[in-house]
Amino acid sequence: MWGKLTQHIGIWLGFEENRRMRPSCSLSVLHNSHFSVVRTSKSSENLHRVNVSQENLAQSRLTVSPSTIDRRFVRTKKQSESPPGKKNGLFSLRRGRKGKEKRKQSQIIENSALVGDHHSSSSHNGSTKQSLYDSPPSTANEMWNDVTRSWHPAVVSPSQGGTASSSTSMHASVKNIFQIFRPSRSRSTHQNEAMLVSRVMCPTSQTVGDFTQLRRRRPRSAHFDPNTLVLPKAEEIPQQNVDDLYTRIEKLGEGSYATVYKCESKLDGALVALKEIKLQFQEGLPFTAIREASLLKTLRHANIVCLHDIFYQHDQLTFVFEYMTLDLAKHLEIYPDGLETFQIKLLLYQLLRGLTFCHQKKILHRDLKPQNILLNERGELKLADFGLARAKSVPSRTYSHEVVTLWYRPPDVLLGSTNYSTSLDMWGVGCIMAEMCTGRALFPGSRDVADQLHTIFSIRGTPDTTSWPQVLQLPHYNPVIYPPKDELTWIKVHSSLFRLHNGLDLLSLLLQLNPSARVSASLALLHPFFSALPPSIHLLQPSQSIFVLPELQGLRR
Amino acid sequence: MFLHFVSQIIPSLIQCFFLCCFLTKGGLVAKRIEWTTLCQTSVWSIQKIFLKSIFYFWIAPHRNWRTKMDGDKSPTFARNFLDPLGDMPGPYLDDFFIFLKDSNKVNKQSNQVSHLSYLNRRGIDYIFTICARLKMPPDVRFVAALIFDRYMSVHVQEAHLFINTLDMTAEQKAEQWTKTQCNIIRQLSLRVVTAIQIASKDNYYHDSLSNAVTAKILLAVGSPFTPRAIIRSEMRMLRAIDYVLPFSPITYIESVLKTLDRYDINLEHPNVIWEHAVLFLDVMFSFLNEIIAQLQTNLANITSQTLTSRKIPVKGDWLLIGCSCLTCAIACVYGFERADAVSATIGKITSISSQDIVDLSVATIHFINNEHQEVGKGCDECTTGQEFEKRRYD
């Protein structure tokens, strides 16, 4: 069975000369625009039936009686009844060509590369073979072919004809482009075409777009929604309704591309967070959603938010996350003077632990800020919002420099560096560490990039070109704009930073202007600042929370 | 009004025209040039040709693209092995390498990974040509091929299973199956372009394909679908592959290449080797079955003397394929002696038998030579990349 299918794919991809496809009569009838595809059930997207739309028939200027259509439908062999004349339009034309096809068997293969007739013949599926091998005998048919030749077979057949045919088909396609955009009125000079052009297009499937302003005769494939027309009966995946499984309790927040709700599972009463992604019709699925889903599927760690499930319904994508009580920003609002030192250690350790896991898998978070760091009532910290995250290549490679919220963006990226590494996230960790201690942001730039850089340089000092020579090559670096300043001691920055003691050393390591001097997450975990934590904390499995340690059990809130 | 209409149409016309030209000619000629010119056995000539083809097929088109996208702001796809600034820090690189080896081992044993069984050479050509015309970075085309293949295997299995469970007679089932096959075939171009779209969204920040662009591409390749159909197709493919996007095989190449200088092997031009290796990966993707057949014949010739049969499972082992591409590239740039020496180290790093790597690389180069002799006869036009370039833009 598989072999058969791959053979068919081979045909589509250009092996027509070797194996021919059997035309499927039953489906070819679908390719008439008088038959509309009607959705019978909303729940199963693939459930369809075919019926004849009578109104359209009445409107249609085709002089074909319904009985002819019925005959087509059941595919009786009485084709000779209606004489193949020009007035019979589409059907007779097909029939005539079919008859000639038999006679022209010998020429078929030679001409196959030239005849790029894709949608003029009876059907797409059955006719992949038929249309490609039809050799147009009469001049009328040749004109027909000229007009309706699509590029699709040209895609398929570059190899067949060799040099001569490919060049001719190129000319033909150039001609086609102009013909496609030409108003179709001009085509009515040909008698045969006039009848075909006048057919009424009746797209009833939801997904059928109106290309009529571009071309009056659309290819067959445009009439059908490929996702719904797979089988006459409902196919594999039954759609689950999110609202059947979860009750919404409250709205937690709304971002630019998603809305988050707090929900309760109807099955077991567990709390979850539903993130509803807004689909932009023009963009398709946002790449943030694709990246978040694909990355979180591979990142399973106690300090990274867990993606339970993904739903797709009513053209909306919904992620089901584990429920976290609040984010770090709200937590810091409760403590405006900063957290106590041991809490900082616990939270910072968890943050670094989650980040190490990401970096080991060469994934950069790229949007680290208190709003994206979630806490639950047990005091566990989890990284969230991987919408901007991406897998990094092993060697240097340029990436977008418009990442990370301004306040947490490192100076090298602010200066226009696009060549960053894991150090990007570490600057954010430093900012968050200081913020947890003082209760407010360390570098609250108010306006733009330049202002943000001023704020950073006024605390950390201007870049020293001897220790960081690469800064001279950064595009936005200009020593004239930034007057030289010295690095401030942390006590002068904020008096409460003093209580970090040896943490100040870690803070300096994290907030290095030079990205290559910045400490990495895995090394930061070994800093003496964390020596108060039990040593077995380094031996935990990735899936284990740090609160499984007996020493930390009591600290669980 | 009319002018406005014309000005709107012209860019898309040009785009369509180039797409059309390239689809009819470019994809295949691009391959042929390599085969034709690879006839010389001397290493240097091979290198020259490769550099030429690299320039004309990758660097030149991308150069246009870069000027189009206001200069330096747009991220480029090129790797820079010499700049230590954006490197992965050393400890992470080691960790990642172990993770990579592990996942490769898991992939080899499971059926959950793509073995390119649904893509023959034409299919690969089709995907690669569309990607080349869209000026996608090299990762995209490999990832798209893998996504497409994975989707097809899942989708076809599901459909088959579903029809099997239907309450029907055998004939009815066979009829249904035929219908399903027809539908699958009709949707192929949609699935291919959607795979490219997903891969571009995974790899690219600025220039991922939007739905509108995807619809235009599909129109240009001759099977238009509406944006809504494309969104659904996107969702369907993602659901089928369970939202897990495959590793780009280039990752294996560059990880090994980057790890090499930690083992005191200093290759002078890592970027050039990387570009060569990507070209060889193209060849591997297009002709994997043929190369495996070549490998089997080569092995059979050896084993007839020693009476021990050795089999190398290649399919699905992207680490082995990546290593062989790298070895081929080194052979192209520095010659075969150097490649032999380096392949021993590569074997040590990746814990793959270096004999396997060498055998596969030799089979690849054999195959390329043979292929030239067959294909090259019928192709006397377009002998140089320059000529080809001229024709393409004429």
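Observations on the model:
- Per-residue Karplus couplings for the stretch B:141-154, computed as 6.51 cos²θ - 1.76 cosθ + 1.60 with θ equal to phi - 60°, are listed in order as 5, 6, 4, 4, 4, 5, 4, 4, 5, 4, 4, 4, 5, 5 Hz, Gly and Pro entered as x.
- Label point distance in nm, A:Ser536-B:Ala344, each placed 7 Å from Cα along Cα→Cβ: 4.7 nm
- Trypsin sites (Lys or Arg not before Pro) within the stretch A:371-435, DSSP loop, no more than 12 other Cβ atoms inside 10 Å: A:Arg378
- Volume in Å³ per residue [convex hull over Cα atoms, computed for the stretch B:118-240]: 105 Å³
- Pairs from B:Lys105/B:Lys311; A:Lys361/B:Lys201; A:Lys369/B:Lys101 whose Cα-Cα separation, in the structure shown, is over 25 Å: A:Lys369/B:Lys101
- When the convex hull of its Cα atoms is projected in every direction, mean area for the stretch B:164-292 (nm²): 12.8 nm²
- Model label zone, A:Leu271; criterion: amide N under 19 Å from point 7 Å along Cα-to-beta-carbon; scope the stretch A:360-396: A:371-385
- Legend: residues A:Ile432, A:Ile334, sorted from most to least accessible area (1.4 Å probe; ligands, DNA and RNA excluded), read A:Ile334, A:Ile432.
- Amide H partners (placed H, <5 Å) of A:Ile304, local residues excluded: A:Leu383
- Eigenvalues of the alpha-carbon gyration tensor of the stretch A:252-372, scaled by 5 and square-rooted, set the equivalent ellipsoid semi-axes at 27, 18, 15 angstrom, largest first.
- Distant-in-sequence amide H partners of A:Asn419 (H built 1.01 Å from N, under 5 Å): A:Tyr399
- When the inverse distances between all different Cα atoms of the stretch A:404-557 are averaged and flipped, the Kirkwood radius reads 17.0 angstrom.
- Interface A-B: total buried accessible area of about 10000 Å², 1.4 Å probe, protein heavy atoms only.
- Reciprocal of mean inverse Cα separation for the stretch B:94-170 (Kirkwood radius, Å): 14.9 Å
- More than 11 angstrom apart: percent of Cα pairs within the stretch B:325-366: 57 percent
- Amide H contacts under 5 Å for A:Ile363: A:Lys392, restricted to partners 5 or more places along the chain or on a different chain, H placed in the peptide plane at 1.01 Å from N.
- Evaluated at q = 0.14, 0.15, 0.28 Å⁻¹, a Debye calculation over the C-alpha positions of the stretch B:233-295 (equal weights, vacuum) places log10 I(q)/I(0) at -0.64, -0.70, -1.08.
- Start at zero, step by 10 Å, and the Cα-Cα distances of the stretch A:268-314 spread as 20, 50, 25, 4 percent across the bins.
- Extent along principal axes [Cα atoms of the stretch A:476-553; Å; largest to smallest]: 55, 29, 15
- Pairs of Cα atoms farther than 15 Å apart, the stretch A:345-416, %: 60 percent
The values are calculated or read from the model by the stated rules, or taken from the named source; none is laboratory data. Quick caveat, the model's predicted, so the values are computed rather than measured. All Cβ positions, even for glycine, are placed from backbone atoms using ideal geometry, and neighbour counts span all protein chains on display. Heads up: the accessible areas ignore ligands, DNA and RNA and are worked out on the full protein's heavy atoms, side chains in. Shrake-Rupley method; radii C 1.70, N 1.55, O 1.52, S 1.80 Å.
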